[in-house]
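Asks: I have a structure I would like to understand better, so I am pasting it below and will then ask my questions one at a time.
The values are calculated or read from the model by the stated rules, or taken from the named source; none is laboratory data. This is a predicted model, so every value here is computed, not measured. FYI the Cβ positions are ideal-geometry reconstructions off the backbone, even for glycines, and counts take in every protein chain you see. Ligands, DNA and RNA are excluded from the accessible area calculation, which covers all protein heavy atoms including side chains. Shrake-Rupley method; radii C 1.70, N 1.55, O 1.52, S 1.80 Å.
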Amino acid sequence: MYIYIENIGKYEAKEVTIKGWLYNKRSSGKIRFILIRDGTGIVQSVIAKGEAKDSIFEIADKITQESSVILTGLVKKEDRAPGGYEIVANDLQIIQLAQEYPITPKDHSVEFLLPLRHLWLRSKKQSAIMRVRHEIIKACRDFFDNQGFICADGPILTPAAVEGATTLFEVEYYDQKAYLSQSGQLYNEATAAALGKVYCFGPTFRAEKSKTRRHLTEFWMLEPEVAFIELDGIMDLAENMVVYIVERILERKATELKTLERDLSKLESIKKPFPRITYEEAVKIVQKKDKTFPGGDDFGAPHETIISESFDKPVFIHHYPVDIKAFYMKRDPADESLSLSVDMIGSENAGELIGGGQREDNYETLLKGIKERGLSEDTYAWYLDLRKYGTCPHGGFGLGLERTIAWICGIKHCRETIPFPRMLDRVYP
Ligand code: 4AD
Ligand code: MG
């Protein structure tokens, strides 16, 4: 019977067929150990000269790394084998004898591996990260779907900036200019007024000029938006979502976390409540370690490190100065110089995982903000309409998927958390 390796435990003492690729092999005297992967797992087959058919032994001798194969044999419990089972081969067939594989089973630098990303993804660690990515996406969707949110994705081609004009990718749109979406938020505000609570999930684009471990030029963002919600409610939602994701990965992706050698105790301590501090309080934390930091600026990576290291859980920072946040942030009625914005900084120096807040819902105030920042009133006319027809307090946030994966997997660099990373200096492969 043709089976996937992940199910091998159900077939002890039965004959099975697996189809996959040669992951690795070694030999010891008259024995050949071949490791086959099929995308769901890795299984070992032991082929002994004299015991196995001569034809199988010959194939085991000449087979090369990443050759595609079909193996048939008897499943045997073997505690010393990876996965706890091995296959005693009755038949081994090569579909294609692979050419010399460039990624040998030793350590390689990321600089060497990035141009080989199409092959690098086959490695144990990289496929574990992709499996965690898949589960995080499912967890995010389930979290919102279970609470009656409607997925209403925004467009990727848009006429306007959300997060500032300096990181826009411009594209020709027939005889007009358009941009790749930086965030679905503005459209979310329209769909939230139509449907109550919504989310969008899709690729977003930023022409980042800096090369850091946390910046991709194409990344995926999960963005919920809710009508009739205020800043505290937005933080509650973000906190519940993050706890849900972490619990779900601990529950369902234990094997992958083990492959990634993740310190589970760090994830197990991600429980409610997360600390909530104001921007001003965060500035004081930073200034204790870095006296040169001027209050009033946005935090850079070294400042986020200081904040992150002061807590063992993700931390919310709210009430940033209006001047360092986007035009759509609602001003705090109690202090108009502050915005009802919130970021979430991950623990273990994961950087900013979430950015969001309450939106400016007053027509005049929003229009004034658009003009003050030199933005075009015409471009945002439809967005201003939302304040003319039944405006209400509303808000939401964006969770950066790749940064979240990096945090949960304990991976330093976001480039390993997406199948094909796009960065300042990389659009290949
Ligand atoms: O803080 P940002 O810019 O917020 C927004 O775009 C809001 N409009 C979202 C909303 O309220 N609906 O981005 C949100 C998150 C960041 O916290 C970060 O996790 C991620 O998106 N992010 C990036 N991830 C990888 N590479 C980049 N260049 C990123 N820029 C932002
Ligand atoms: Mg941000």
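Asks: Checking THR404 against (1) assigned to a helix (DSSP H, G or I); (2) more than 15 Å from ligand 1 (Cβ to nearest atom): exactly one of these is not met. Which one?
Replies: (2)
Asks: Then there is this: Scanning for something within 22 Å of the chain's Cα centre (by Cα), under 17 Å from PRO275 (Cα atoms) and buried (at least 21 other Cβ atoms within 10 Å of the Cβ), does segment 319-337 turn up at least one residue?
Replies: no
Asks: So which residues in segment 238-275 are in contact (Cβ under 8 Å) with a residue 60 or more places away in the chain, open to solvent by 20 Å² or more (accessible area, probe 1.4 Å) and touching a Phe, Trp or Tyr at 6+ places or on another chain (Cβ under 8 Å)?
Replies: The answer is ASN240, TYR244.
Asks: Pick from segment 340-376 the residues that are within 12 Å of ligand 1 (Cβ to nearest atom) and of a type in the set (S, T, N, Q): which of them is surrounded by the most Cβ atoms within 10 Å (Cβ to Cβ)?
Replies: SER341
Asks: Looking only at segment 338-353, which residues are outside any loop (DSSP other than H, G, I, E, B) and under 23 Å from the mean Cα position of the chain (by Cα)?
Replies: Once the filter is applied, which keeps residues that are outside any loop (DSSP other than H, G, I, E, B) and under 23 Å from the mean Cα position of the chain (by Cα), segment 338-353 yields SER341, VAL342, ASP343, MET344, ILE345, GLU352, LEU353.
Asks: Filter segment 366-385 for residues that are closer than 18 Å to LEU195 by Cβ and out of contact with any helix residue (DSSP H, G or I) (no Cβ under 6 Å at 6 or more places or on another chain) and give the result.
Replies: Taking segment 366-385 first, the residues closer than 18 Å to LEU195 by Cβ are 382-383, 385.
Scanning segment 366-385 gives TRP382, ASP385.
Asks: One residue is enough: does segment 400-421 have a residue meeting the conditions more than 16 Å from ligand 2 (Cβ to nearest atom) and free of Cβ contacts under 8 Å to residues at least 40 places away in the same chain?
Replies: Scanning segment 400-421 turns up no residue that is more than 16 Å from ligand 2 (Cβ to nearest atom) and free of Cβ contacts under 8 Å to residues at least 40 places away in the same chain.
Asks: Can you confirm whether segment 41-62 contains a residue that is part of a strand (DSSP E or B), farther than 19 Å from THR259 by Cβ and under 35 Å from the mean Cα position of the chain (by Cα)?
Replies: Residues of segment 41-62 part of a strand (DSSP E or B): 42-49, 52.
Right, trim to farther than 19 Å from THR259 by Cβ and you get 45-49, 52.
After this cut, where a residue has to be under 35 Å from the mean Cα position of the chain (by Cα) as well, the list is 45.
Yes - at least one qualifying residue is present in segment 41-62.
Asks: Kindly list, by first and then second residue, each pair from a residue in segment 211-235 that is farther than 18 Å from GLY346 by Cα to a residue that is acidic (Asp, Glu) and within 16 Å of ligand 2 (Cβ to nearest atom), limited to pairs with Cβ atoms under 8 Å and residues at least 6 apart or on different chains.
Replies: Filtered contacts from segment 211-235: THR217/GLU208.
Asks: Looking at segment 209-247 only, could you name the residues that are in contact with a helix residue (DSSP H, G or I) (Cβ under 6 Å, 6 or more places away or on another chain), more than 26 Å from PRO393 (Cα to Cα) and within 16 Å of ligand 2 (Cβ to nearest atom)?
Replies: Result: ARG214, LEU216, PHE219, TRP220.
Asks: Return only the number of the condition from (1) away from ligand 2 (no atom under 16 Å from the Cβ); (2) closer than 20 Å to TRP382 by Cα; (3) in contact (Cβ under 8 Å) with a residue 40 or more places away in the chain that SER183 does not satisfy.
Replies: Every listed condition holds for SER183 apart from (1).
Asks: Let me ask another. Please enumerate the residues belonging to segment 287-339 that are of a type in the set (S, T, N, Q) and within 16 Å of ligand 1 (Cβ to nearest atom). Let's see the steps before the verdict.
Replies: Of segment 287-339, the ones of a type in the set (S, T, N, Q) are 287, 292, 305, 308, 310, 337, 339.
Within segment 287-339, THR305, SER308, SER339 meet the criteria.
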